[in-house]
1. How about the range 104-124: which of its residues are under 30 Å from the mean Cα position of the chain (by Cα) and not small (G, A, S)?
2. May I ask you to list the residues in the range 36-75 that are among the hydrophobic types (A, V, I, L, M, F, W, C) and over 28 Å from the mean Cα position of the chain (by Cα)?
3. Residues to consider are G259, G184, G177; find the one that is open to solvent by less than 10 Å² (accessible area, probe 1.4 Å) and in a loop (DSSP other than H, G, I, E, B).
4. Could you run through the range 221-239 and say how many residues are open to solvent by 30 Å² or more (accessible area, probe 1.4 Å), out of contact with any Asp or Glu (no Cβ under 6 Å at 6 or more places or on another chain) and assigned to a loop (DSSP other than H, G, I, E, B)?
5. Give me the residue from the range 191-207 that is open to solvent by 20 Å² or more (accessible area, probe 1.4 Å) and in a strand (DSSP E or B) and, out of that set, nearest to V239 (Cα to Cα).
6. Can N242 be described as assigned to a loop (DSSP other than H, G, I, E, B) and open to solvent by 60 Å² or more (accessible area, probe 1.4 Å)?
7. Just to check your reading of the model, which residue among R165, R155 is in contact with a Pro (Cβ under 9 Å, 6 or more places away or on another chain) and surrounded by 19 or more Cβ atoms within 10 Å (Cβ to Cβ)?
8. Can you find a residue in the range 93-102 that is in contact with a helix residue (DSSP H, G or I) (Cβ under 6 Å, 6 or more places away or on another chain) and free of Cβ contacts under 8 Å to residues at least 60 places away in the same chain?
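The values are calculated or read from the model by the stated rules, or taken from the named source; none is laboratory data. Just so we're clear, the structure is a prediction, and the values are computed from it rather than from any experiment. Please note: Cβ atoms are built from the backbone with ideal geometry, for glycine as well, and neighbour counts cover all protein chains shown. Areas reflect the complete protein model, heavy atoms only, side chains present, ligands, DNA and RNA absent. Shrake-Rupley method; radii C 1.70, N 1.55, O 1.52, S 1.80 Å.
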Amino acid sequence: MSTTHYSVAQLAERFGLEFLGDGARIIDGVGTLAGAGPSQLSFLSNSKYTAQLATTRAGVVVLHGDAAQSCPTSALIARDPYVAYAHIAALFERLPAAAPGVHPTAVVAPGARVSMSASIGPCCVVDDGAVVEDGAVLGPHCIVGPECTVGAQSRLVARVTLVARVTLGKRVLVHPGAVIGSDGFGLAFDRDHWVKLPQLGGVRIGDDCEIGANTTIDRGALDDTVLEEDVRLDNQIQVAHNVYIGAHTAMAGCAAVAGSAKIGRYCMIGGNAGVLGHLELADRVTITAKSLVTHSIREAGEYSSGVPLQENRQWRRNAARFKHLDEYARRLSALEKDKNDD
């Protein structure tokens, strides 16, 4: 049994929720509706799982008030069950404590500034001019390059590379394999060969951001690449040089943003979606998965592109017709003109 435990009544008081049922029941963990046991908390936020509520063995379920009468166990009533669950579940997350200090295998340059309360893990490298602030944690094999700053209470989980001129704000979480501050893809073609443009800018990442595993963020060519506060990037995302991402925007896995694009605040970019360079997205724009943004979006809303999934033979027939679309459109326009003339 977990050493962390709360009664249902304590959880309700702590998070400002109403409870129904046994307030004295002890909860020591979380689980799914189908898998949770009597000492665990679960939640219902998606109507697809409503059928599982009737048979759940969870000790308490976080749900909307409309579903409370169907709950066979104790309930915590929340305006947004998913958000409430996220706050409660954090109580049961147990991360290993990082001891302050520098591991014997780490290399810290004489010109680096590392807080006494920071933790520098095995085989890390902290370069000249780098700064690691109070309570920051560098997991194994992290590299903090020249002119880079790791903000207070930030955490680089493992094998994270800050290449050059990267500034992380406070409480930034960077997952394994992420590379921040690498060269932007700046090239000029000179008759018969490419000439590399120097990437002289940096990367600025605001407080409370999260960068997923193996995500890459290029430094700017002149000005900085910027992520405002509370931006959340999933795994394997590419953010090119001089991109600007507004606060509270979230991007799902394998999305890509080309150079100098500007994304507004509270945007959501679906998995494997792409944004072409030098475009602008207004605040509160949602781009659905696998869409390609080819023009600036000036108004909030949900936008999609691409061909929906079809049975293969149907897709092949339609694909063969794509090259005739212009012809069909012209013929339809001519027919409509003839009809109007009559």
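1. Within the range 104-124, R113, V114, I120, P122, C123, C124 qualify.
2. A51, L53, A54, A58, V60, A67, A68, C71, A75 - these are the residues of the range 36-75 that are among the hydrophobic types (A, V, I, L, M, F, W, C) and over 28 Å from the mean Cα position of the chain (by Cα).
3. G184
4. Selection size over the range 221-239: 7.
5. Once the filter is applied, the top-ranked residue is R204.
6. Working: assigned to a loop (DSSP other than H, G, I, E, B): yes; open to solvent by 60 Å² or more (accessible area, probe 1.4 Å): no.
No; evaluated as a whole, the condition is false for this residue.
7. Values: R155 fails: in contact with a Pro (Cβ under 9 Å, 6 or more places away or on another chain).
Criteria check complete, one pass: R165.
8. Of the residues in the range 93-102, the ones in contact with a helix residue (DSSP H, G or I) (Cβ under 6 Å, 6 or more places away or on another chain) are none.
There is no residue in the range 93-102 that is in contact with a helix residue (DSSP H, G or I) (Cβ under 6 Å, 6 or more places away or on another chain) and free of Cβ contacts under 8 Å to residues at least 60 places away in the same chain.
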